[in-house]
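This report concerns only the one structure given below.
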There are 4 protein chains.
Amino acid sequence: MNQITILMYCADQKGIIAGVTNFIHQKQGNITYIDQYVDRPNATFFMRVECDFVSPNFNFDDFKISFNLELGSHFSLHCDFYLKGQKPKMAVFVSKYDHCLYDILAKHHSGELEAEIPFIISNHPDLEIIAKRFEIPFYHIVVHKENKAQAELEQLAIMKKHKVDFIVLARYMQIVSAKLIEHYTHKIINIHHSFLPAFPGAKPYHSAFERGVKIIGATSHYVTEELDAGPIIEQDITRVTHLNSIADFIEKGRDLERIVLLRALKLHCNRKVMVYGNKTVVFS
Amino acid sequence: MNQITILMYCADQKGIIAGVTNFIHQKQGNITYIDQYVDRPNATFFMRVECDFVSPNFNFDDFKISFNLELGSHFSLHCDFYLKGQKPKMAVFVSKYDHCLYDILAKHHSGELEAEIPFIISNHPDLEIIAKRFEIPFYHIVVHKENKAQAELEQLAIMKKHKVDFIVLARYMQIVSAKLIEHYTHKIINIHHSFLPAFPGAKPYHSAFERGVKIIGATSHYVTEELDAGPIIEQDITRVTHLNSIADFIEKGRDLERIVLLRALKLHCNRKVMVYGNKTVVFS
Amino acid sequence: MNQITILMYCADQKGIIAGVTNFIHQKQGNITYIDQYVDRPNATFFMRVECDFVSPNFNFDDFKISFNLELGSHFSLHCDFYLKGQKPKMAVFVSKYDHCLYDILAKHHSGELEAEIPFIISNHPDLEIIAKRFEIPFYHIVVHKENKAQAELEQLAIMKKHKVDFIVLARYMQIVSAKLIEHYTHKIINIHHSFLPAFPGAKPYHSAFERGVKIIGATSHYVTEELDAGPIIEQDITRVTHLNSIADFIEKGRDLERIVLLRALKLHCNRKVMVYGNKTVVFS
Amino acid sequence: MNQITILMYCADQKGIIAGVTNFIHQKQGNITYIDQYVDRPNATFFMRVECDFVSPNFNFDDFKISFNLELGSHFSLHCDFYLKGQKPKMAVFVSKYDHCLYDILAKHHSGELEAEIPFIISNHPDLEIIAKRFEIPFYHIVVHKENKAQAELEQLAIMKKHKVDFIVLARYMQIVSAKLIEHYTHKIINIHHSFLPAFPGAKPYHSAFERGVKIIGATSHYVTEELDAGPIIEQDITRVTHLNSIADFIEKGRDLERIVLLRALKLHCNRKVMVYGNKTVVFS
């Protein structure tokens, strides 16, 4: 059996749902999930469909061509098609913090995170031991002011070689360049250790402590050129009190960061996120 | 413009979504919301659809007849149709606690709760003053062991007279009889002051305190014959510590109760809840 | 029996706890609650003590004098003493939104909020009907650009006449002047409808919607001259999704605002909040 | 510098706080933390004190003897004294699930969990590879109906040899015997995958799914003879909807379990938990 997921959007108009469901029905498909959303102020329609095809004659490429021919041009649909079982290839960028990396590898190992991890890249050698424990190739690419462009070329070469689909910055303590972002538009997922848009940039826990907040947060978002301003995928928070020091904020934050990042990664890998404007539609 | 909401369920089968969306499309309707759910172990399909009909010739009754004729029998669909603007009539039952009643009346007054409140019934006179402040008729019907059956007949008569659609037990401290439940199957909404199924029955805060829990909860559910065992609509919780006395539990619980109950009432009034088996499907 | 609450702070030093507890012990007092906090970076000590005095000869004023004489000067303590039963007088400022006002009045009526409410002030007449329902005097003082200084003099006069202890801005849609703030330093409690420091100023729900956040918040804080930048007392959040419109944000926010504001008011009335720098110590 | 933590309880009476703080003051100690709680219905007093002693002549054993002599007998105090830096030895029991184990080892490795882990015991060989990765000795002790008593003797022997202070059941899928519980009364910490007292015993996620709850939970508690009925240390919850299958419950629950268990372990290792009756006092 072939299981297909389709993400699509277009200008809102009558008959799209009927058109799509009808088409799948005619192709002997069984819709197992359908969810849609209309952004009324912008008159834009979004839909996520999962469907099964039991026929042995089903051909994924033919289906896509036929779908685009019959529906795509008629509704000016933008579509992405995914075949269940084709896991996305995820590059993992880290620096020195290990908590997010541990969670990514543990959940990858248990099969909970449906992605392939061809390698880990770091600007520090510290976490190589963890990569070894989990038997994932580890590239140590030093990054400093002078060699930044060159380092990024190295990173890009490795990613191309491994045909990487998307990148996770698992507390990677470097700002990625516009060039990298351009190559992987809305394909770089970052975890920022604050409740954005509060406290963007460096040392958010210090700023939160200084401000005397009663709640701290973490935000996972797609990276765009403006720092910590890209489309938000997931956020969560935890309570703090006057009793908590900056060190406590950092410790409490670690749990938040890894949980929020993993939720975002799962949503992305399960094809549940669509980006539009500077926002996301996150299907259930 | 006519805005229709349809809730439907049937045995899961191919082509239902296409059938329904096609039908609405043919009737010049524009689907503004569609959400569906398949209970795979029980092979049951659930769907909620909202659609707009701008034609001045649209007739709600004709639409229902036509829908049932063309789709209902073909798919063995069970359907409920609602016309936007036809607010359900909600009977409010209270005893002596006022916190849920205040919230119901304040949100009703502000238009946030799309229901009509023809009257309040209580087995105590205490809250009549609040009913008066909000200008809602108040019936004081004393209930005790000896007159219970008679009191319920009175209640039923009032509800029939006012053509009540559903009942909210807003901390009504009486067990309603099987007879009343039969008349309003899955139409009586209760708020229980515990995280069900923990601590059903009387004095849940006392039991929670005794057990030394670190979290207390509230549960809103449809009333069935078995006490506090009906389909759950909404739950929420709040933290407690060893510092909190039973009085603190009760005070913290009051905020929980009114918020959970109001969420459940809004979901019900907005036609977002379907009951099946002893569970609910709650659409977003 | 006299029940006393003491809030104190001073430079951190050895022997304060022993000194204070010893003193109370010698005065035949029984300590029923003690909680302290040391801000190490700033070497500042904070303590909250509750104690009971059963002796009929106990005199509150004598106790304060004696405490200050024996301990105050020795430790350079800053102290506030409160006698249980002497409720603070709270002025309520509102504009047109009623949800916070309803909660304040309902909880005041039920005895949950230990404050006196001598009056409500509003720059609009809309909520007078609610004030009447709860039998609280209502002053309608129009505020516009030209008469702002004059209107504030009127407000101040009313507050002086009623010997107001503190002010709650229950969605009062005006910026209070530096003069008023000076008169009631750390005595004006505001509810801001965002998770500060994100989205200060006007229309935070619109900004939050625009930014595509997945969580919205509310913050109760003491008012200082810089807008929405004063010491935070309490914050809380709720989840939103792409499905939620700005209207949904506002509706969900209403529940947050009233709950967060009421928690802050209870903490303040129960003498559990100390302000230092631009932060609060909130005792449990 | 010596940092001491004292946990104590006794019948509530006048002058305890003054007595204790005075004593520490006289011994040249500086109190850095003091928190107390009075269970009024049972007239029991609980206190947790942290204090620093900078004198090079300070002797921990002398201090304890002196404390007990001067205060212990006078107030009939029950005391436990801990010297900072003396980490408790924690035995880890697992079966086949790895998520809690990963978190324990990662946080132990990062220094966040102040305990020594002398070994891991399992009734299955599956997780030996993880033990090896983290270089912790692993004992595989098969347990089945016939050899249960014998297996427990082996476990006890290993624990005695390593002078274990307490045990964590990190999803250990066996019921430990009364004998083991007797040896480690209130020293065995379990994680149960439900919001106790709801769904004790086997397969709580299945029962929660069956009941149609909207929230699932996890509970960490000290093990007592009655199954899943011991003193609760920590609980937390997460939301579920009708969309979630039992498999989803289990997946969402995994994150809950490890977080709740780790919080409980940190509280226990940081000497913040006191057991009384069948409850806990958890200091902040």
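The values are calculated or read from the model by the stated rules, or taken from the named source; none is laboratory data. The shown structure was predicted, so the numbers you read here are calculated from the model rather than taken from an experiment. When we count neighbours, we look across all protein chains shown, and the Cβ atoms used for this are built from the backbone with ideal geometry, even at glycine.
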Checklist entry - Mind checking which residues of the range D:32-51 are aliphatic (A, V, I, L, M) and either part of a loop (DSSP other than H, G, I, E, B) or touching a His at 6+ places or on another chain (Cβ under 8 Å) (or both)? => result D:ALA43
Checklist entry - Got a number for residues in the range C:54-94 being part of a helix (DSSP H, G or I) and of a type in the set (Ser, Thr, Tyr)? => result 2
Next on the checklist: List the strands (runs of 3 or more DSSP E) inside the range C:199-283, counting only whole elements, that have at least 1 residues being at the interface with chain A (Cβ under 8 Å from one of its Cβ atoms) and of a type in the set (Asp, Glu).
Outcome noted: C:232-239
Checklist entry - In the range D:261-281, is there at least one residue being in contact with a strand residue (DSSP E or B) (Cβ under 6 Å, 6 or more places away or on another chain) and of a type in the set (Ser, Thr, Tyr)? => result yes
Checklist entry - Among D:GLU116, D:GLU182, D:GLU152, which is the only one that is among the acidic types (Asp, Glu), more than 22 Å from A:ASP103 (Cβ to Cβ) and touching a Pro at 6+ places or on another chain (Cβ under 8 Å)? => result D:GLU116
Next on the checklist: Please count how many residues of the range B:7-18 are under 17 Å from B:ARG48 (Cβ atoms) and either surrounded by fewer than 20 Cβ atoms within 10 Å (Cβ to Cβ) or at pLDDT 95 or above (or both).
Outcome noted: 5
Checklist entry - Do you know which of the residues in the range D:270-281 that are surrounded by fewer than 21 Cβ atoms within 10 Å (Cβ to Cβ) and of a type outside the set (D, E, K, R) is nearest to D:PRO204 (Cα to Cα)? => result D:ASN278
Item to check | Selection status of A:GLN28, touching a residue at least 60 places away in the same chain (Cβ under 8 Å), within 14 Å of chain B (Cβ to nearest Cβ), surrounded by fewer than 18 Cβ atoms within 10 Å (Cβ to Cβ) and not basic (Lys, Arg) | outcome: no
Item to check | Any chance A:TYR172 is aromatic (Phe, Trp, Tyr) and part of a helix (DSSP H, G or I) | outcome: no
Item to check | Odd one out for B:ALA115, checked against (1) surrounded by fewer than 16 Cβ atoms within 10 Å (Cβ to Cβ); (2) of a type in the set (Gly, Ala, Ser); (3) in contact (Cβ under 8 Å) with a residue 24 or more places away in the chain | outcome: (1)
Checklist entry - Going by the structure shown, is C:GLY85 farther than 30 Å from C:GLU154 by Cβ and within 12 Å of chain B (Cβ to nearest Cβ)? => result no
Checklist entry - What number of residues within the range A:33-58 are β-branched (Val, Ile, Thr), at the interface with chain B (Cβ under 9 Å from one of its Cβ atoms) and either within 12 Å of A:ILE6 (Cβ to Cβ) or in contact with a Lys or Arg (Cβ under 8 Å, 6 or more places away or on another chain) (or both)? => result 1
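Do the conditions hold for A:CYS79, that is, is it within 13 Å of chain B (Cβ to nearest Cβ) and in contact with a helix residue (DSSP H, G or I) (Cβ under 7 Å, 6 or more places away or on another chain)?
No, not satisfied.
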Checklist outcome for this item: Condition set within 17 Å of C:GLY253 (Cα to Cα) and hydroxyl-bearing (Ser, Thr, Tyr), scope the range C:96-115, selection nearest to the other protein chains (Cβ to nearest Cβ): answer is C:TYR102
Checklist entry - In the range B:95-129, what residues are more than 21 Å from B:LYS266 (Cα to Cα), modelled with pLDDT of 95 or more and either not in a loop (DSSP other than H, G, I, E, B) or not assigned by TED's automatic domain parsing to the domain that holds B:GLU251 (or both)? => result B:SER122, B:GLU128
Item to check | Residue that is over 30 Å from A:GLN155 (Cα atoms) and touching an Asp or Glu at 6+ places or on another chain (Cβ under 9 Å), where the choices are A:ILE24, A:ILE34 | outcome: A:ILE34
Checklist outcome for this item: Subset of the range C:140-153, residues outside any loop (DSSP other than H, G, I, E, B) and buried (at least 16 other Cβ atoms within 10 Å of the Cβ), comes to C:ALA151, C:GLU152
Checklist outcome for this item: Conditions (1) at pLDDT 95 or above; (2) surrounded by fewer than 18 Cβ atoms within 10 Å (Cβ to Cβ) -> C:LEU227 fails only (1)
Next on the checklist: Any residue that is in contact (Cβ under 8 Å) with a residue 24 or more places away in the chain and charged (D, E, K, R) - is there at least one of those in the range C:189-205?
Outcome noted: no
Checklist entry - Among the residues of the range B:130-138, is any aliphatic (A, V, I, L, M) and part of a strand (DSSP E or B)? => result no
